[in-house]
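Working notes for the structure below.
Every read-out reported here was derived from the displayed coordinates using simple, explicitly stated rules and does not represent laboratory data. Only a predicted model underlies this, so the values are computations on that prediction, with no experimental measurement involved. Methodologically, a virtual Cβ is constructed for each residue, glycine included, from the backbone with ideal geometry; neighbour enumeration extends over all protein chains shown.
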Amino acid sequence: MQNFTDLISQAKKMQEKMKETQESLKKIEVEGISGGGAVKVVMNGESELKKISLADSVLKESKEIFCDLIIAAHSDARTKLKKKTSEEIAKVTGGIDLPPGFKLPF
């Protein structure tokens, strides 16, 4: 029965760490870049787009290129956010991958 009690205690500790991690993940900000730095977007840990910066040269491009650059910068930010989130979760889980479909925040 002692092993079960230890297991429950460890699960509670991990749950607390995950809760702390969830809060810290919300505070993460990543920058996505495209067009050699002509378009930059900032996204937070909740996948909210917080800022878009455009070089003046981008405004001279065609509408299609302009849109593609924004989409590429957003995609870059999402990729960086996913990587950063995975790294933070790995710190809590000791590198154990979460099951497929398991998403944060809970």
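Just going by the charge dipole of the chain, with Lys and Arg at +1 and Asp and Glu at -1 on Cβ, which of 49, 33, 62 is farthest out on the positive end?
Result: 49.
Using only Cα atoms, tell me the angle between helix 63-93 and the longest principal axis of the chain; keep it within 0 to 90° and round to the nearest 10.
20 degrees
What is the Å³ per residue value for the convex hull set by the Cα atoms of the chain? All intermediate terms of the calculation are to be shown ahead of the outcome.
On the way: hull volume 10.8 nm³, N = 106.
Spelled out: Cα convex hull of the chain, divided by residues, is 102 Å³.
Restricting to Cα pairs below 8 Å that are 6+ residues apart, what does the relative contact order work out to for region 27-83? Please round to a whole percent. Show your work: numbers first, answer last.
Values: 94 pairs, mean separation 24.1, N = 57.
In percent, rounded to a whole number, it is 42.
For residue 19, give me every one of the aspartates and glutamates with a C-alpha distance below 15 angstrom, ignoring sequence neighbours fewer than eight places off in its own chain.
Cross-link targets: 46, 88.
Could you name the lysines whose alpha carbon sits less than 16 Å from that of residue 40, not counting residues in the same chain fewer than 8 places away?
Partners found: 50, 51, 80.
Give the residue list of GluC sites (Glu not before Pro) in region 1-63 that are DSSP loop and have at most 11 other beta-carbon atoms within 10 angstrom.
On the way: sites: 16, 20, 23, 29, 31, 46, 48, 61; in loops: 46, 48, 61.
Taking region 1-63 and a limit of 11 other Cβ atoms within 10 Å, the loop GluC sites (Glu not before Pro) found are 48.
Once the other residues with Cβ under 11 Å from the Cβ of residue 39 are scored (Lys, Arg +1; Asp, Glu -1), what is the net sum? Before the final figure, lay out each step's value.
On the way: positive: 40; negative: 31, 61, 68, 76.
Net charge around residue 39: -3.
Report, in listed order, any pair from 12/83; 60/83; 13/84 with a Cα-Cα distance greater than 31 Å. If you can, show how the numbers build up before the last one.
On the way: 12/83 26 Å; 60/83 33 Å; 13/84 22 Å.
Those over the limit are 60/83.
Pulled fully out, how much extra length does the chain show between residue 56 and residue 71, if you take 0.36 nm times their separation in residues and subtract their Cα-Cα distance?
Details: separation 15, 0.36 × 15 = 5.40 nm, distance 1.75 nm.
That pair, residue 56 and residue 71, stretches by 3.6 nm at full extension.
Can you list the equivalent-ellipsoid semi-axes of region 27-83, largest first and in whole Å, using the square root of 5 times each Cα gyration tensor eigenvalue? Spell out each step's value before the answer.
Working: eigenvalues 90, 19, 14 Å².
Result for region 27-83: semi-axes of 21, 10, 8 Å.
What is the order of 68, 6, 56, 76, fewest Cβ neighbours within 10 Å to most? Numbers along the way, then the final one.
Values: 68 15, 6 10, 56 7, 76 19.
Fewest-to-most ranking of 68, 6, 56, 76: 56, 6, 68, 76.
Tell me the angle of helix 2-26 to the major Cα principal axis of the chain, expressed in degrees between 0 and 90 and rounded to the nearest ten.
20 degrees
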